[in-house]
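Read the figures in this text as sums done on the coordinates, not as results from a lab. This one's a predicted model, so the numbers in the text were calculated from it and none came from an experiment. With ideal geometry, Cβ positions are generated from the backbone for all residues, glycine too; neighbour counts draw on all protein chains shown.
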């Protein structure tokens, strides 16, 4: 019950945040603008709208996850409300998990609204949304859940600015893991080879969540692949949250 109460309070705070509304409005404008730009592309209107729509959902979801995620713990410390919370019968792990679940709910609303507008535009243009489009949105959401846990981890021991830098860096590298593996195979020194391979296996592979090309072209994605990616996200997120809890338990509040 304590986790549920704090999570809903976090959700209410997040949706009142100007950042949330600014990003959401901008994302919706991008999706609407894709209709105008799509009309300029000869014979590719449907694909263009779907591609831009998915890109907007992903990009602005990522920005929300990072900008809100890195401030979840910092805001409580800055406003000194953390002292009131930890003085009550609320364990630190409950506080941290509550913050995470609250942001997950915020992201769910964020993604749902943007997806709704995308589908309204698709139906308005008399196009047919393929099942793979829904699958792509589902995987985007699980990607955001993983990214949120990483942002939360850094927020337990670092400043918001550094947390943002670290999270963005991991997100970018996570989309370049296939290139990282190739670099490791061609590395001259053994140390570089083992280091790059270590980074390849330890860092999250965000490229697994990207099926935008398949969704745009209406290519069906196997249920096995989708399930594997979701399980990967759940397992990796659980590990990151565990590390976050251990880090937060050791933090001193003076």
According to a simple spin-label model (label point 7 Å from Cα along Cα-to-Cβ), what is the distance in nm between residue 120 and residue 198? 5.1
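Express in nm, to one decimal, how much length is gained between residue 234 and residue 29 on full extension, taking 0.36 nm for each residue of separation and deducting their alpha carbon distance. Could you put the intermediate results ahead of the total?
Values: separation 205, 0.36 × 205 = 73.80 nm, distance 3.16 nm.
That pair, residue 234 and residue 29, stretches by 70.6 nm at full extension.
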Using R₀ = 30 Å, calculate the FRET efficiency as 1/(1 + (r/R₀)^6) where r is the Cβ-Cβ separation of residue 90 and residue 162; round to 0.05. 0.65
Label residue 227 and residue 108 with points 7 Å out from Cα along Cα→Cβ: what is the distance between them in nm? 2.3
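Ordered by packing density, taken as the mean number of other Cβ atoms within 10 Å over each peptide's residues, highest first, how do 230-237, 218-225 rank?
Working: 230-237: 16.0, 218-225: 11.8.
In descending order of packing, they fall as 230-237, 218-225.
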Contour excess over end-to-end distance, with Cα ends at residue 189 and residue 127 and 0.36 nm allotted per residue: 17.0 nm
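Given region 97-174, report the % of alpha carbon pairs whose separation exceeds 15 Å.
Numbers: 1932 of 3003 pairs.
Cα-Cα pairs of region 97-174 separated by over 15 Å account for 64 percent.
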